[in-house]
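What follows is calculated from the coordinates using simple rules that are stated; it is not laboratory data. Values in this document were obtained by computation on a predicted structure and should not be read as measured data. When we count neighbours, we look across all protein chains shown, and the Cβ atoms used for this are built from the backbone with ideal geometry, even at glycine.
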Amino acid sequence: MVFLGIGMNKNLGGSLVYFTLPTIGFGYMYGLINLYLMIFATDFLAIAPATVGFIFGISRLWDAISDPLIGHLSDNTRTRFGRRRPWLALASVPLGFAFYMLFNPATGSDELITILWFGGAVILFYTASTLFYVPHFAIAAELSEDYHQRNIIFGCRHAGWLAGYVMSLGGIYSLTMLHSEGAEQVIDFAGKQATIIGLLTAISVLICAYGMREKPGSADRRSTSALPVIKDVFKNMYARRILIVNFMDNVSFALTSSLVIYICTYILNDANIASVFILFFMLPSLLLVPIWMPLARKFGKKNLYTFSMLLSGTAFGSLFFSDYNNLMYLYIAGIMAGIANGCNNVIGPSIFSDIIDYDELQTGDRKEGAYFAVWSLVWKSSSAIVLFVLGMVLSIVGFEPNVPQSDLVLDTMKFMFTLLPCIFYIVAAFLFSFFKLNEETYNNIRNELDTNRKATQL
């Protein structure tokens, strides 16, 4: 198989199909969660924004324990089915059930039961996500040791995720159309949607676990105990810098994703505009995935990643000074940010996979699971921190669901949707401009690793 001029063997091509399949369901799930869960909880479950924020804060404290633990266990699992695939299978049922719980609340009960049900669903969902995502990312890093081929692997993953995310817009649009009919109708439709998607995603995860083939020899590489491994991640100068940058990148994305329906509902007075904006964002992100592979080869991963953050910052920063009554400004910003999003979600994890090889050279251990556990923790923490802060801020400035908002609330929403992400993107781009791991450096690392492995086998 040849993809964009970069050769892939038949086994890798087949594995990519199974590898990509469950990302479609995950994209749909996270589309609903990122774009709709906050307003669903505050406006239709009648949970206070500060309480929603507190729930997500608690879930991240648990993630700080569970993510590194799963990464460590995944690295050191030894079965005849491989070390990653059993974890994928284990994640399937709790993942589907947790997503069902999120949008099928314990209604008809008192407020405390509703909050506890919702909180339990959030924690269970993100735990199940960890069971899937950490081994899934680790497999991606193991599928190829080629500097450019990894862009293809993560490009396929991102394309599948985006396809699901785009499909979720139809579900979100249907939900916003029901807003005028009341909470009961919204909750009923959201629950049916979550049941179907949760079931289909669970099945796709099982298919992935069954069909994937882990790279021969990867199971022979053992990692050390959990705590020293996590310390190794943060001692790695390359990993430390990209994790900081990725955190700021994800915070910016979470801010815009969480607030877009609020912006459309309370500033533009039409919640349905949110689906159109997100479509303008997601389509270029999806359609342009293939171009990042050859561009990375020509301009380098670092330069593209830096460019993507500057482009996103420009897109959202310009919105602060735009006329919100002219939707064209909103849609153009969405297109620009979507182009950037496609780039950084392909290139970012690809760079991180390269860093894992550098760590092996320094420590002698192979720990894809541990590294992507930290990557997953940073990703989930950024969104949860945003929801926590957003919930607190909205409560402080006086947000009340389903009523016209004060100027203070509207101005706060605008600032957090536009200028604040812009600041994070620009700072992140500046920090990453000092990143030094390029193709030449990576090839030298690979040559040393190959030499060391051959010497060990003698």
Stretch LEU431-VAL397 to full length: gain in nm at 0.36 nm per residue minus the Cα-Cα span? 9.0 nm
To the nearest whole percent, what portion of all C-alpha pairs in the stretch 125-277 is separated by more than 18 angstrom? 74 percent
Mean projected area (nm²) of the alpha-carbon convex hull when the stretch 321-385 is viewed from all directions: 6.3 nm²
Using the 10 angstrom Cβ neighbour count as an exposure proxy, how do VAL409, VAL427, VAL122 rank, fewest first? VAL427, VAL409, VAL122
Difference of contour (0.36 nm per residue) and Cα-Cα distance, PHE81 to GLU111: 6.3 nm
May I ask you to sort LEU288, LEU112 by Cβ crowding, counting other Cβ atoms within 10 Å and putting the fewest first? LEU112, LEU288
Within the set of other residues whose C-beta is less than 14 Å from the C-beta of GLU181, count the net charge using Lys and Arg as +1 and Asp and Glu as -1. -3
Give the cross-link partners of LYS298 among the aspartates and glutamates, using a straight C-alpha distance below 18 Å as the criterion and excluding same-chain residues fewer than 8 apart. ASP146, ASP354, GLU439, GLU440
What's the center-to-center distance, using Cα atoms, between the stretch 313-362 and the stretch 107-150 in Å? 22 Å
Looking at the chain, I'd like the Rg to Rh ratio, where Rg is from alpha-carbon atoms and Rh is Kirkwood's inverse mean 1/r. 0.96
What ranking of THR314, THR418 emerges when the number of other C-beta atoms within 10 Å of each C-beta is taken as an exposure proxy, fewest first? THR314, THR418
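Tell me the mean residue ellipticity at 222 nm calculated for the chain from its helices only (DSSP H runs of n ≥ 4, each -39500 (n - 2.57), averaged over every residue, nearest 500).
So the helix-based figure for the chain works out to -27000 deg cm²/dmol.
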With each pseudo-label sitting 7 Å past Cα toward Cβ, what's the MET167-LEU310 distance in nm, one decimal? 3.7 nm
May I ask you to derive the relative contact order of the chain, considering only C-alpha pairs under 8 Å and at least 6 residues apart, and to give it as an integer percent? 28 percent
